[in-house]
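Read the structure below first, then the notes.
The values are calculated or read from the model by the stated rules, or taken from the named source; none is laboratory data. Values in this document were obtained by computation on a predicted structure and should not be read as measured data. For neighbour counting, all protein chains shown are included, and Cβ atoms are generated from backbone atoms with ideal geometry for every residue, glycine included. Ligands, DNA and RNA are stripped out before the accessible areas are found, and what is left, the full protein with its side chains, is counted by its heavy atoms. Shrake-Rupley method; radii C 1.70, N 1.55, O 1.52, S 1.80 Å.
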Amino acid sequence: MEILSAKGVNFTYADASESVLNEINFTIYKGDFVVFCGPSGSGKSTLLRLIKKEIAPYGDKQGTFFYQKKSIEEHDPLYIAKEIGMVFQDPENQIVMDNVMDELLFGMENVGFSTTEMRKKVAEMVHFFGLNHLVNKKTSELSGGEKQLINLASILLLNPKLILLDEPTAQLDPIASKEFIHFLQRINDEFGITIIIVEHRLEELFAVSNRVMMLDNGKITVDTEPRHAVGKLHHNMRNFLPTTALVYLDFNPDICLDEIPITVKESRQWLLNQKISGKQLEPTRLAKGNPLVELKEIDYQYTKHTPPVLQNLSFTVNHGEWMAIVGANGTGKSTLLKIIGNILKPQHGYIKLNGKKVKQLDPTIIGYLPQNPKVYFLQDSLIKEYRQIVQKQPKKEKDIDYLLEKFQIQHLKNRHPYDLSGGELQKAALIGILLTNPSLLLIDEPTKGMDPDFKDEFGELITDLVEEGLTVIMVTHDIEFAAKHTTKCSMLFQGNITVTENTREFFLENAYYTTAISRITRDSHVPSAVTLEEAKKTWQNQSGS
């Protein structure tokens, strides 16, 4: 039975010359689990916000959305607010109360539930989803994954029939991300709640959804079930597909759409029947390098009454390395980056630069790209921002033009930073940082909001800079990106670095913080691999030869 449909929807932002959405038509049925994917700027988030009319963007909209076969505008606003819930990318932006219980009650109070109803519904929700350990906590004490679960639980308490999610796992670590998706699958399977999710991280979602819609240039180009979507997209949108399917597509000459594996289990079963040979790469030892930055016995806590975030931490990064720091939400990764970047001062410990102890690192050698690159910009266009920077630096106008061309955003130089997509904004902020000519680049979750093609471009840009002599320290939850591009990885756990290894060895030995293809090949008859690129270089499928 139909729950939501779009008929001839077009949308153009105010003061924009080109439309973002063009002739959008679809019908979604009760109980569907729909994944919207596509390049950055293709209109996915705009489409979700138009459905949830109280947060609809300002601009020229044509066409109609229908809920339960009736125009959304014709429904009572309170009814729609309860029927259609939405979870945003940043869990911080959705939480309004100081403690979890008040947060769970907030929505119900606002739509008029009685005290008895609220108590009963919260008790049921907490028990059913195992949230007992969270209800007495302050919301500020929750991890990113826990905050998203509370956001989702708060929406579910209103008994919605449809939930919209805009990149809800973008700021979650790999394990929290899987748990959140499992939570979505459960409410879809057990309660029949319709799910529409916009995501760039698709490794898990193809396996739990029943429909995939691809948006490109504001148009729906694919709308089908996941295996058939793989078949339609693998020629010109392969970067958007899960590794489980790409292994099959790259090593199977006779493709059958109904047999394309979309889970690790299915991919492993397919491999069992393949005669794949290849050279098993030997592990490499961690080579000694020339240290650029050394942190020794660092302690940091935000207040005297809270536990330390970092405790007796020691950490070394060598010249010319691209170091990735991974770990669960709330373990102190961003705090560590801010200490290196002179934004926070440790209570104990010391820092060395090029082997010499210093009170703090020279700020002129450091470039810092925060999680939210919008905070970097002060001017109303990119070119004004860059010209402001070079006024204080021994740089010339030609350096701006060179970097704009290198990063392929020359056409955006007169745009307001806030009008850029996530990937474009990261590139734009990075150009501003590079104009200061840093020796050390600190980047915090740089791939958040980037589509897979943008990620590849961004990874290649950073790799080129590293080869030119730049040293990079990156905090990330994006395991696949780190495995493909970085040179070393460190795990942060309980305020300390537990291990630092060469990237391949780090992910090959991990069971959970590892790549999809590592899980596919572990303990199998085929040579182990950490990235699909590694497999393509070392494997040969001799089946049927």
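Summary table
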| quantity | calculated |
| --- | --- |
| Check on residue 167, within 18 Å of residue 186 (Cα to Cα) and either at pLDDT 90 or above or acidic (Asp, Glu) (or both) | no |
| Which listed residue is part of a helix (DSSP H, G or I), more than 19 Å from residue 184 (Cα to Cα) and touching a residue at least 60 places away in the same chain (Cβ under 8 Å), from 78, 47 | 47 |
| Qualifying position, being open to solvent by less than 50 Å² (accessible area, probe 1.4 Å), touching a strand residue (DSSP E or B) at 6+ places or on another chain (Cβ under 7 Å) and aliphatic (A, V, I, L, M), among 435, 412, 430, 425 | 430 |
| Count - residues of segment 62-95 that are under 22 Å from residue 197 (Cβ atoms) and out of contact with any strand residue (DSSP E or B) (no Cβ under 8 Å at 6 or more places or on another chain) | 7 |
| Residue that is surrounded by the most Cβ atoms within 10 Å (Cβ to Cβ) [pool: residues in segment 362-406 that are of a type in the set (D, E, K, R) and assigned to a loop (DSSP other than H, G, I, E, B)] | 395 |
| Residue ID - farthest from residue 67 (Cα to Cα), chosen from residues in segment 79-126 that are under 25 Å from the mean Cα position of the chain (by Cα) and of a type in the set (S, T, N, Q) | 93 |
| Residue within segment 442-462 that is part of a loop (DSSP other than H, G, I, E, B) and in contact with an Asp or Glu (Cβ under 6 Å, 6 or more places away or on another chain) present | yes |
| Hits in segment 146-172 (condition: open to solvent by 10 Å² or more (accessible area, probe 1.4 Å) and closer than 15 Å to residue 330 by Cβ) | 146, 147, 149, 171 |
| Which numbered condition residue 351 misses (of (1) among the hydrophobic types (A, V, I, L, M, F, W, C); (2) outside any strand (DSSP E or B); (3) more than 29 Å from the chain's Cα centre (by Cα)) | (2) |
| Any hit, segment 515-538, residues being in a strand (DSSP E or B) and under 17 Å from residue 280 (Cβ atoms) | no |
| Test: residue 316 is of a type outside the set (Gly, Ala, Ser) and not in a strand (DSSP E or B) | no |
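Results for (1) open to solvent by less than 40 Å² (accessible area, probe 1.4 Å); (2) touching a residue at least 60 places away in the same chain (Cβ under 8 Å), shown as yes or no for each residue.
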site	(1), (2)
262	yes, no
265	no, no
279	no, yes
284	no, yes
290	no, no
298	yes, no
303	no, no
310	yes, yes
